[in-house]
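So the structure is just underneath, and the comments pick up after that.
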Number of protein chains: 2
Amino acid sequence: MVILAGTGLFDFSVENSIMNAKKSNFKYIRNMLSKKTKYGIKALAFIAKRGDKKPVQTSEISKSENISQKFLESILLELRKSGFLGSKKGKGGGYYLIKEPEDILMTSVIRVLEGPIAMVPCVSLNYYEKCDDCPSEEACSVHSLMIQVRDSTLKVLGDNTLADISAKK
Amino acid sequence: MVILAGTGLFDFSVENSIMNAKKSNFKYIRNMLSKKTKYGIKALAFIAKRGDKKPVQTSEISKSENISQKFLESILLELRKSGFLGSKKGKGGGYYLIKEPEDILMTSVIRVLEGPIAMVPCVSLNYYEKCDDCPSEEACSVHSLMIQVRDSTLKVLGDNTLADISAKK
DNA sequence: CTATTAACCTATCGGATTAGTAGGTTATAA
DNA sequence: TTATAACCTACTAATCCGATAGGTTAATAG
């Protein structure tokens, strides 16, 4: 549990009334981490927890993690094609890790499943795109802010490996 | 310009080939910062740069920042209703800041325009929602990772005020 | 008093994406 | 040869984004 009280980060008494008024009928729209990515990470962690290199079947992960099997199939397939997993067909088949969990960074997993990590294309390292509306990125008030967000997110995701997040608790 | 070489954060030589193969026809989908929020921040910065308290018209911001005027109208209206802006109708009317730029945190602006800052509902402070699939958040491999991302993002957005991002360069 | 201005309000819409579902084919092991 | 599990292709309902259209209300200038 992370203790955040007193840090000053979450003191927004001024707009709390607005938040509360809105909260009641506010659906969580901004799913920045898609279910696809979430399921993919969970599946990788599930396989990593096994320790051995024996293939794990999609059906087992699907049941254990409450994920639609067909949907999960497509995700694991993508992870195989991206070089994270190996596969074996037929009875006793399934998916297994190719690299060690310690060598799998969360940045690379998320980049493959979700796409860019940056919140806006104009600060993306791997998927850069210029903004239509901005004549100058230097003068853009959003640009430098989003660079800071990107870097802090990259730091966290780059510091975490599959081994870290699949450690048994 | 931020120098990141040698930090180890962006070394993904293993999957670089995958990235490149995918990059060509990859549209930037994951727009975590909507245009609405982006335009809203730009507009606030535009008004803040004025310094005085004279109302700024939507049309002026629209032209200067290349934003659809009608779309911008709805955004500024929302910012007024959220307590960031005041307004004045008729000739010489427009929008003006109610608080000092130094007192407007980017967290609060983004929360109002975009919604939650967390990437997943289950780690959101203001818009918490339990996951359907997770029996236990403690055991969830994604949960703790997303808490770290949330906190680092909150740190950045909480450290930046409107004054910071609208500083003339 | 009237015209102009600019905020304010309501409704609608095309395109894109997400999270699947359906129904099959191929390769491997017992 | 049969069961198994990965692999492949196509489709869909629901949802959201980024607008656009067309008006109403309130304040100011002349």
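The values are calculated or read from the model by the stated rules, or taken from the named source; none is laboratory data. As the structure is a computational prediction, the values presented were derived from the model and not from experiment. Don't worry about glycine lacking a Cβ; one is built from the backbone with ideal geometry, like all the others, and counts go over all protein chains shown.
Miscellaneous remarks
- Test for B:Glu102: is it more than 9 Å from every other protein chain (Cβ to nearest Cβ), within 22 Å of A:Leu145 (Cβ to Cβ) and surrounded by fewer than 20 Cβ atoms within 10 Å (Cβ to Cβ): yes
- Scanning segment A:43-76 for residues being free of Cβ contacts under 8 Å to residues at least 40 places away in the same chain, more than 14 Å from every other protein chain (Cβ to nearest Cβ) and within 14 Å of DNA strand C (Cβ to nearest atom) gives a total of 7.
To keep it simple, each residue is scored yes or no on (1) more than 25 Å from B:Ile47 (Cβ to Cβ); (2) charged (D, E, K, R); (3) modelled with pLDDT under 95.
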| position | (1), (2), (3) |
| --- | --- |
| B:Ile104 | no, no, no |
| B:Arg111 | no, yes, no |
| B:Ser136 | yes, no, yes |
| B:Cys140 | yes, no, no |
| B:Gly158 | no, no, no |
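- Reported count of residues in segment A:51-64, each being crowded, with 19+ Cβ neighbours inside 10 Å and part of a helix (DSSP H, G or I), is 3.
- Subset of segment A:110-169 [touching a residue at least 60 places away in the same chain (Cβ under 8 Å), of a type in the set (D, E, K, R) and at the interface with chain B (Cβ under 8 Å from one of its Cβ atoms)]: A:Glu114
Residues are listed down the side, and each one gets a yes or a no for (1) assigned to a helix (DSSP H, G or I); (2) within 11 Å of DNA strand D (Cβ to nearest atom):
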| residue | (1), (2) |
| --- | --- |
| B:Met32 | no, yes |
| B:Thr37 | yes, yes |
| B:Phe46 | yes, no |
| B:Lys49 | yes, no |
| B:Glu73 | yes, yes |
| B:Glu78 | yes, no |
| B:Gly92 | no, yes |
| B:Val112 | yes, no |
| B:Gly115 | no, yes |
